[in-house]
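**Student:** Dumping the structure here so I can ask a few things about it.
None of the figures in this text is laboratory data; all of them are computed from the coordinates on show. Small disclaimer: the values here were computed from a predicted structure and weren't measured. Positions of Cβ are backbone-derived with ideal geometry, glycine not excepted, and every protein chain shown enters the neighbour counts.
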Amino acid sequence: MTEKMTLAKALNAGLRQAMEDDPKVLLMGEDVGKLGGVFRITDGLQKDFGEDRVIDSPLAESGIVGTAVGLAMRGYRPVVEIQFDGFVYPAYDQIVSQVAKIRFRTQGRVAMPIVIRIPFGGGIGAVEHHSESPEAQFAHTPGLKVVACSNPVDGYWMIQQAIASDDPVIFLEPKRQYHGAKSEVDTSATPEPLHTSRVVRAGSDVTLLAYGPMVRTCLSAAEAVEGERSVEVIDLRTLSPLDMGPVVESVRRTGRAVVTHEAQVNLGMGAELAARITEQCFYSLEAPVLRVGGFDTPYPASRIEEEWLPDLDRVLDAVDRTFDF
Amino acid sequence: MTHVPDGEFGPDLAEVFGPQQSDGGPELVQLLTPEGERTHHAEFDMDFSAEQLRGFYRDMVLTRRIDTESTALQRHGELGIWAQLLGQEAAQIGSGRALRPQDFAFPTYREHGVAWCRGLDPLKLLGLFRGVDQSSWDPAETNFAPYTIIIGAQALHATGYAMGIQRDGAVGTGDPERDAATIGYFGDGASSQGDVNEAFIFAASYNAPVVFFCQNNQWAISEPFERQSRIPLYQRALGFGFPGVRVDGNDVMATYAVTQAALQRAREGSGPTLIEAYTYRMGAHTTTDDPTRYRLSDDVENWKLKDPIARVEAYLRRNGLIDEQFTDALTVEADQLGERLRAGVKELADPSPLSVFDHVYAELPPELAEQRDGYAEYLASFEGAH
Ligand SMILES: Cc1ncc(C[n+]2csc(CCOP(=O)(O)OP(=O)(O)O)c2C)c(N)n1
Ligand SMILES: [Mg+2]
């Protein structure tokens, strides 16, 4: 069965399927009920599954995640929506000190099968706090798993896999692509495992690493230099744990790697990837691993966000620089 | 609307709410005076059997023994730290004994008396304070959550669990074996935390079957209660839309009666209650604290006169409900318990360094497995070396 879906529709369909498959799955968050969420990802779900399973929460993020912890202890599988990336911080303590650690604290006796969905990244012309990329802060936290989807097919499958996971998952959704291009989603296919990275375009000169919104940018960059340079693009999909297999295989072939993300470069995912690539591909490298990301400043006012965000040209500039060595 | 009179520095709260009184004020629910006299209360009166009262007394004596023994074990270097409950035995035993097996308790780090009521082996508490683990009991088996050190976080867990009870249809059915509630413990200091206040909001909004049990022991490490609140804590409940009660937390009968009523209310589907158990932290905050730097010994002496165990003992003796034989047997039992703890604590072995990789995730991710194996190899490289 295939259907053409936007990312928003695919996530909605994935959530619906997960709720049908397991009566313990609950959705919680601000405006997720009648409104269907500010991005409409939960559209129609409260109508079909009732107010007990699609729960409009009081406006308090720590409260949402903290009560999800209690519900998980009671045997539920809460899927929490954080309205925008910049609003996850009031819940930071519950996520880092409780959600991430309760399995460890209890020597495996208490699982935390909680999914925390975060629409992330910029490019939507929003005011402050609506365009951030906090993934490294969560990937740095043992006990959490962190994944990012980049297209409707992954959106449909990865959300269901995250919900089925017995570990807590920070689930990052590239909000600027919610209502963008549609893809054919085959709902009867067998998906790849959640914590795997994937080559989404084969090439032989240089490897571009991306996730979430940057996958599309990197694919366009590869296309733009087709015939000149052969660029391989990897969609990391999983940020914690990392799946280094495809990355190492690729960089050993190409000898060059550029890591891209919207998040600030300093101590971002790129830093970790550069270190691991250096450790694991040292003798194959023709150039240092370069990083392209947001500048080490707060996210800017929206009129200059497209300058601040790494775009096709900045990615290609970094690619060129890897050939200077 | 309450008229708030303006004083020189703003409203005179004493005029609005009455003076903060060291005896807890007129709102304090009490069934047993510090002298061991039985009193009565219009709303929360209750009859107790001799059996029940002897049980409370025994629980409190043994809990105090766990506490003093553990404090000594810290002094002897067997524990890294210990958080004393001295003085709070009635608040914990009274509330803990009001729980039914299907209820679920969410403790702080000081709820050793509640742990006792939930049937936890006290050695499990010592494991945590010795530093061999971070919680070793099975919450699902004991209906007792892990000790929570982040101040106030567990109030939300108690509320969420209560929301789960609602969704399981285990509230308001009238079946005493089925209807359940949660109890969330926290301190006076914790009452300032966002999480506690958010828990009040969520519990009220969903009418969740949760009892918020605040032990106002007058201190948050060195900060007196007045730093946290200018009104009696129980009165905050009203602003959140549910009842609040201040009970004499050194009176095991009153604490039991009030908690029992609040839990029953929750199980019936009538929603949350805030109980402020007015008590006193007789010891230091923990064994690393020095309370002489911030409080007067006079205060401590005054509170000694309200000791939670002495008043029950006085009542039981005066009414012929215990005799020498009972107290002698209890002393023997306490001595045996102390001995078991002293011997047992030494048996609590250090975990293997490699165990740190266990239970971070449901399954060890490959890269973490590599880190563990590398560390194992590194450790092995020292074997046979001097
Ligand atoms: C979020 C957080 N902040 C600070 C601390 C350090 N701390 C531990 S106990 C405590 C005082 C708590 O006072 P209260 O809530 O009254 O509980 P009590 O210790 O009196 O039982 C503080 C500040 C902590 N554990 N967690
Ligand atoms: Mg206190």
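**Student:** Give the average, rounded to an integer, of partner chain Cβ atoms located within 10 angstrom of each Cβ in A:49-62.
**Tutor:** 3
**Student:** Follow-up question, since we're still on this one. Averaged over its residues, how many other protein chain Cβ atoms are within 10 Å of peptide B:367-375's Cβ atoms? Numbers along the way, then the final one.
**Tutor:** Working: counts 6, 2, 1, 1, 0, 0, 0, 0, 0.
Averaged over the peptide's residues, the number is 1.
**Student:** Ranking request for peptides A:80-91, A:284-295: highest mean number of other beta-carbon atoms within 10 Å first, then the rest in descending order.
**Tutor:** Ranked from most to least packed, the peptides come out as A:80-91, A:284-295.
**Student:** What is the P(r) of region A:2-186, as percent of Cα-Cα pairs per 5 Å bin from 0?
**Tutor:** Calculated over all Cα pairs of region A:2-186, the distribution is 1, 9, 18, 23, 22, 16, 7, 3, 0, 0 percent.
**Student:** On C-alpha positions alone, give me the angle between the axis of helix A:269-281 and the longest principal axis of chain A, in degrees, nearest 10.
**Tutor:** For A:269-281 against chain A, the angle is about 50 degrees.
**Student:** So, in Å, what gap is there between the alpha-carbon centers of region B:337-386 and region A:144-197?
**Tutor:** 35
**Student:** Kindly express, to the nearest 10 degrees and within the range 0 to 90, the angle between helix A:61-73's C-alpha long axis and the longest C-alpha principal axis of chain A.
**Tutor:** 70
**Student:** With an 8 Å cut-off on Cα pairs and a minimum separation of 6 or more residues, tell me the relative contact order of region A:2-186 in percent.
**Tutor:** 28
**Student:** Let's see if you can work this out: charge +1 on each Lys and Arg Cβ, -1 on each Asp and Glu Cβ, no other charges. What is the dipole magnitude of the protein assembly as shown about its Cα centre, in debye to the nearest 20?
**Tutor:** So the magnitude is around 600 debye.
**Student:** Let me ask something else about it. Once you keep just the Cα pairs under 8 angstrom separated by 6 or more residues, what percentage relative contact order results for region A:198-321?
**Tutor:** 27
**Student:** Something else now. Bin by bin, in steps of 10 Å, what percent of the Cα pairs in the protein assembly as shown do you find, going until the bin that has the longest distance?
**Tutor:** Once binned at 10 Å, the Cα pair distances of the protein assembly as shown give 3, 14, 21, 21, 17, 13, 8, 3, 1, 0, 0.
**Student:** Still on this structure, I have one more. Got a sec? Which residues in region B:252-286 would a label at B:R38 touch, if it sits 7 Å along Cα→Cβ and we count backbone N under 17 Å?
**Tutor:** Residues passing the 17 Å test: B:252-258.
**Student:** Cα atoms only, chain B: Rg and Dmax in Å?
**Tutor:** Rg, Dmax (Cα atoms, Å): 22.5, 80.
**Student:** Going by how many other beta carbons lie within 10 Å of each one, how would you line up B:K306, A:K9, fewest first?
**Tutor:** With the sparsest Cβ surroundings first, the list reads A:K9, B:K306.
**Student:** Could you size up the charge dipole of region A:2-186 around its Cα centre, putting +1 on the beta carbon of Lys and Arg and -1 on that of Asp and Glu, and report it in debye to the nearest 20?
**Tutor:** 340
**Student:** When only DSSP loop residues count, what GluC sites (Glu not before Pro) in region A:27-78 have their Cβ near at most 12 other Cβ atoms within 10 Å?
**Tutor:** Those that pass, being in a loop and sparsely packed, are A:E51.
**Student:** Using Cβ counts within 10 Å as a stand-in for footprinting exposure, how do A:S250, B:S205, B:S352, A:S220 rank, fewest first?
**Tutor:** B:S352, A:S220, B:S205, A:S250
**Student:** A follow-up question, please. Listing B:L123, B:L128 from the residue with the fewest other Cβ atoms within 10 Å to the one with the most, what is the order?
**Tutor:** Numbers: B:L123 17, B:L128 23.
Ranked by crowding around the Cβ, least crowded first: B:L123, B:L128.
**Student:** Now, a different point. Taking beta carbons within 10 Å but only from partner chains, what does the mean come to for residues B:142-155?
**Tutor:** 3
**Student:** Further question: Go ahead and estimate [θ] at 222 nm for chain A from helices alone: -39,500 (n - 2.57) per DSSP H run with n ≥ 4, summed, over the residue count, rounded to 500.
**Tutor:** -9500 deg cm²/dmol
**Student:** If you don't mind, another one. Between region A:253-301 and region B:100-134, what is the C-alpha centre distance in whole Å?
**Tutor:** 46
**Student:** How compact is chain A by the rule of thumb for globular proteins, expressed as Cα Rg over 2.2 N^0.38 Å?
**Tutor:** The reported ratio for this selection is 0.98.
**Student:** Still on this structure: If you average the alpha carbon positions of region A:52-79 and of region A:224-244, how far apart do those two centres end up, in angstrom?
**Tutor:** 36
**Student:** To test your reading of the geometry: what angle, between 0 and 90 degrees and rounded to tens, separates the Cα axis of helix A:312-322 from the longest principal axis of chain A?
**Tutor:** 50
**Student:** Under unit Cβ charges (Lys, Arg +1; Asp, Glu -1), what dipole magnitude, rounded to 20 debye, does region B:16-347 have relative to its Cα centre?
**Tutor:** On the way: 31 positive and 46 negative charges, 93 e Å.
It works out to roughly 440 debye.
**Student:** Show that you can apply the helix-only estimate: for chain B, add -39,500 (n - 2.57) for every DSSP H stretch of four or more residues, divide by all residues, and state [θ] at 222 nm to the nearest 500.
**Tutor:** Computed ellipticity for chain B at 222 nm equals -13000 deg cm²/dmol.
**Student:** While we're looking at this one, here's another question. What percent does the relative contact order of chain A come to when contacts are Cα pairs within less than 8 Å and at least six residues apart?
**Tutor:** Over chain A, the number comes to 16 percent.
**Student:** Using 5 Å bins from zero, what percent of all Cα-Cα pairs in region A:226-265 falls into each bin?
**Tutor:** Answer for region A:226-265: a P(r) of 5, 17, 27, 26, 16, 6, 2 percent.
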